[in-house]
Amino acid sequence: MPLGQAVIDQFLGLRPHPTKVQATYVWIDGTGEQLRSKTRTFDRAPKKIEEYPIWNYDGSSTGQAKGRDSDRYLRPVAVYPDPFLGGGNKLVMCDTLDHEMQPTATNHRQYCAEVMTEIRETRPWFGMEQEYLIVDRDEHPLGWPKHGFPAPQGKYYCSVGADRAFGREVVETHYRACLHAGLNIFGTNAEVTPGQWEFQIGTCEGIEMGDQLWMSRYILHRVAEQFGVCVSLDPKPKVTMGDWNGAGCHTNFSTAEMRAPGGLAAIEAAMEGLKRTHTEAMKVYDPHGGNDNLRRLTGRHETSSADKFSWGVANRGCSIRIPRQVAAEKKGYLEDRRPSSNCDPYQVTAMIAQSILL
């Protein structure tokens, strides 16, 4: 790693202030992919999310407003302990509002929350598997030779060793930081492409899924920043356009009915709704109307074809996979393998819920 800032105390040993609280507001910018943040001080720690005030920011500098009408608003929606500043300091997930207090173009949380409220009696559970690539600041994958390519895929998945596992420092630091923040991080592993990793967030119910995945991404970018590297959520960067696996954000979903004995019937019944909305889903499973996924969902490298819906048991080449254990136990969950690594989890979870339940 080019830098090791995360292994030293970067704040000179200063302890968190005994009474004042630093609250870092985090939001999604106008790209629908990148995150922004800024921090403010409170004289005391708010006890619930409603006590965090709405704040403003310059939307013209984040692709969300024109300079003549630049003020946009941050509305706190979820709060987590801050693993970077420690003490009573907080990370505050926010959605974004325009001057009329309406959702901005890349704020899909409000609509997702409405969907989740409508289906709450079904007890919708989600888990999302976030794949990503660690890259140098020149966007070259970590561990790859600057001229040429690494050895072919095969030895990197869940690997151990300096010649095949690149960036473990980032991964382990991120894992601990997510645990400290109270996120439901399920696990992590090295992925198929060298320099590629995955972590899983879940189980989360309803709107909590989107909140937690976005905050886990923010923490990942912050951790990588400390090590002097970057994280790419591009599902198929140009350098990996050859015989390399792309990056997805496979999404697991279940309802109380699916998790109950005999729930496999409900899982199989869900396929009809998912098939019916396939074209619509593909347009919102990446932030560029489906164009990013066209580079990834080719029917190769453990993917389905973008223009065809399919499902099967234990088949990683399908749109929807029913895990082998679920089929054997006749209850559990389904895995939607179509969302790209840079998807908006609010859009993905709302689409799945709509397709199956509404």
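The values are calculated or read from the model by the stated rules, or taken from the named source; none is laboratory data. What you see is a predicted model, and the numbers here were worked out from it, not measured in a lab. Cβ sites come from the backbone with ideal geometry, for glycine too, and all protein chains shown count toward neighbours. Calculation scope for accessible area: heavy atoms of the full protein, side chains included, ligands and nucleic acids excluded. Shrake-Rupley method; radii C 1.70, N 1.55, O 1.52, S 1.80 Å.
If only residues of the stretch 22-31 that are part of a strand (DSSP E or B) and open to solvent by less than 20 Å² (accessible area, probe 1.4 Å) are counted, the one that is farthest from LEU233 (Cα to Cα) is ALA23. Scanning the stretch 234-264 for residues that are farther than 22 Å from GLY206 by Cα and hydrophobic (A, V, I, L, M, F, W, C) yields VAL239, MET241, TRP244, ALA247.
Taken over the stretch 153-169, the criterion of being surrounded by 10 or more Cβ atoms within 10 Å (Cβ to Cβ) and under 27 Å from the mean Cα position of the chain (by Cα) is satisfied by GLN153, LYS155, TYR156, TYR157, CYS158, SER159, ARG164, ALA165, PHE166, GLY167, ARG168, GLU169.
Applying the selection to the stretch 83-102, what residues are touching a residue at least 60 places away in the same chain (Cβ under 8 Å), of a type in the set (A, V, I, L, M) and not in a strand (DSSP E or B)?
LEU85
Contact map, the stretch 172-200: first residue touching a residue at least 60 places away in the same chain (Cβ under 8 Å) and closer than 12 Å to ILE219 by Cα, second residue open to solvent by 10 Å² or more (accessible area, probe 1.4 Å) and of a type in the set (Lys, Arg), Cβ cut-off under 9 Å, separation 6 or more or different chains; pairs are ALA177/ARG222.
Candidates are the residues of the stretch 271-289 that are surrounded by fewer than 21 Cβ atoms within 10 Å (Cβ to Cβ) and aliphatic (A, V, I, L, M); the one that is farthest from ALA350 (Cα to Cα) is MET271.
Checked against the criterion of being part of a strand (DSSP E or B), under 13 Å from ASP336 (Cα atoms) and under 21 Å from the mean Cα position of the chain (by Cα), the stretch 254-274 contains one or more residues that satisfy it.
Would you say GLU121 is touching a helix residue (DSSP H, G or I) at 6+ places or on another chain (Cβ under 9 Å) and in contact (Cβ under 8 Å) with a residue 12 or more places away in the chain?
Spelling it out, it is not the case that GLU121 is touching a helix residue (DSSP H, G or I) at 6+ places or on another chain (Cβ under 9 Å) and in contact (Cβ under 8 Å) with a residue 12 or more places away in the chain.
Taking (1) crowded, with 22+ Cβ neighbours inside 10 Å; (2) touching a Pro at 6+ places or on another chain (Cβ under 7 Å); (3) assigned to a loop (DSSP other than H, G, I, E, B); (4) not small (Gly, Ala, Ser) in turn, THR193 satisfies each apart from (2). Filtering the stretch 32-62 to residues that are within 15 Å of THR106 (Cβ to Cβ), surrounded by 15 or more Cβ atoms within 10 Å (Cβ to Cβ) and out of contact with any His (no Cβ under 7 Å at 6 or more places or on another chain) leaves GLY32, GLU33, GLN34, ARG36, TYR57, GLY59, SER60, THR62. For the stretch 286-301, a residue qualifies if it is assigned to a helix (DSSP H, G or I) and under 9 Å from SER340 (Cα atoms), and the qualifying residues are ASP292, ASN293, ARG296.
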